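The values are calculated or read from the model by the stated rules, or taken from the named source; none is laboratory data. Source: prediction; values computed, not measured. Glycine also receives a Cβ, built like all others from the backbone with ideal geometry; neighbour counts cover every protein chain displayed.
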Amino acid sequence: MQLNGIAAVVAGGASGLGAATARELAAGGAKVAIFDLNVDLAAKVAAEIGGIAMRCDVTSSDSAEAAFAEAAAKHGAARVLVNCAGVANPAKAVSKRGPLPLADFNKVVQINLVGTFNMVRLAAFGMQQLEPLADGERGVIVNTASVAAFDGQIGQPAYAATKAAVAGMTLPLAREFAETGIRVCTIAPGLFLTPMLEGLPPPARDALVASTLFPKRLGHPGEYGRLARHIVENALLNGETIRLDGAIRLAPR
């Protein structure tokens, strides 16, 4: 799919991987709508790239429907969705304080998994109403998992479970949407220099990347954005979860 003139939505696009993706898609000529709870920060990124921003709670059907409707009214229905909204909230199943409160586990599930699916179902419905492009495509959906989906660490049961679920629904969604010309892929990033990690002191960062084969560093958000753009532009990429991680394998802790 050629990005020039195409409407795109980036959920969680106010910072980190999402902001980098919004910039990359806009650089390719896409009309980008940024969905985020932090609408002020989203508006700053949107102003930088000539896009639009709207407040969106990805866990809410009403909020997401309203955001898609507003974006469609301004840019037309989106042919591209990139899901970057998510939280980590590390916590053990049982700690010195006792068992993990179920509400804490459920919060991660709601944002990372339910929120991702909420965006997918609404975006795909809108794409299915569009006329196919010359190559038969109607749209492309890119979700975000994590290497924790495959080798999650101690303290990541909620995060790893939700990211494994995002990876797990990639192929079923790609199979379902194939008949209407919509592709679905997932990126599983390793350790990236995002707001989640920027606050760590250098020794802590060094310890995190010690098991990375090459390059021995944290990923740059722009590298995620470029892969997301490539997935959109490469019509043969479908139904796949792609690790973007320097061949890291996370240690147990």
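Would you check if Ala149 is in a helix (DSSP H, G or I) and either modelled with pLDDT of 95 or more or out of contact with any helix residue (DSSP H, G or I) (no Cβ under 8 Å at 6 or more places or on another chain) (or both)? Explain how you work it out, then say what you get.
On the way: in a helix (DSSP H, G or I): yes; either modelled with pLDDT of 95 or more or out of contact with any helix residue (DSSP H, G or I) (no Cβ under 8 Å at 6 or more places or on another chain) (or both): yes.
Against the criterion (in a helix (DSSP H, G or I) and either modelled with pLDDT of 95 or more or out of contact with any helix residue (DSSP H, G or I) (no Cβ under 8 Å at 6 or more places or on another chain) (or both)), Ala149 qualifies.
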Legend entry - Out of Ala42, Ala88, Ala30, Ala78, sole residue that is among the hydrophobic types (A, V, I, L, M, F, W, C) and modelled with pLDDT under 95: Ala88
Inset, instruction - Out of the residues in segment 73-108 that are touching a Gly at 6+ places or on another chain (Cβ under 9 Å) and among the β-branched types (Val, Ile, Thr), state the one that is farthest from Gly51 (Cα to Cα). - result: Val108
Legend entry - Given (1) touching a Ser or Thr at 6+ places or on another chain (Cβ under 7 Å); (2) loosely packed, with under 15 Cβ neighbours inside 10 Å, number of the condition Pro132 does not satisfy: (1)
Legend entry - Close pairs (7 angstrom Cβ cut-off, 6 or more residues apart or separate chains): among the hydroxyl-bearing types (Ser, Thr, Tyr) in segment 117-142, surrounded by fewer than 22 Cβ atoms within 10 Å (Cβ to Cβ) anywhere: none
Inset, instruction - Taking the options Leu191, Leu200, Leu133, name whichever one is out of contact with any helix residue (DSSP H, G or I) (no Cβ under 7 Å at 6 or more places or on another chain) and at pLDDT below 95. - result: Leu200
Legend entry - Test: residue in segment 115-125 that is over 19 Å from Val58 (Cβ atoms) and either among the small types (Gly, Ala, Ser) or not in a helix (DSSP H, G or I) (or both): no
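Residue-wise test of (1) in contact (Cβ under 8 Å) with a residue 60 or more places away in the chain; (2) assigned to a loop (DSSP other than H, G, I, E, B); (3) of a type in the set (Val, Ile, Thr); (4) touching a Ser or Thr at 6+ places or on another chain (Cβ under 9 Å).
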residue: Leu197; (1), (2), (3), (4): no, no, no, no
residue: Pro203; (1), (2), (3), (4): no, no, no, no
residue: Asp206; (1), (2), (3), (4): no, no, no, no
residue: Thr212; (1), (2), (3), (4): no, yes, yes, no
residue: Lys216; (1), (2), (3), (4): no, yes, no, no
residue: Tyr224; (1), (2), (3), (4): yes, no, no, yes
residue: His230; (1), (2), (3), (4): no, no, no, no
residue: Ala235; (1), (2), (3), (4): yes, yes, no, no
residue: Asn238; (1), (2), (3), (4): yes, yes, no, no
Inset, instruction - Kindly indicate whether any position in segment 196-208 is out of contact with any strand residue (DSSP E or B) (no Cβ under 7 Å at 6 or more places or on another chain), closer than 24 Å to Val108 by Cβ and surrounded by 22 or more Cβ atoms within 10 Å (Cβ to Cβ). - result: no
Inset, instruction - Go through the residues of segment 137-149 one by one and say whether even a single one is loosely packed, with under 15 Cβ neighbours inside 10 Å, under 21 Å from the mean Cα position of the chain (by Cα) and of a type outside the set (Ser, Thr, Tyr). - result: no
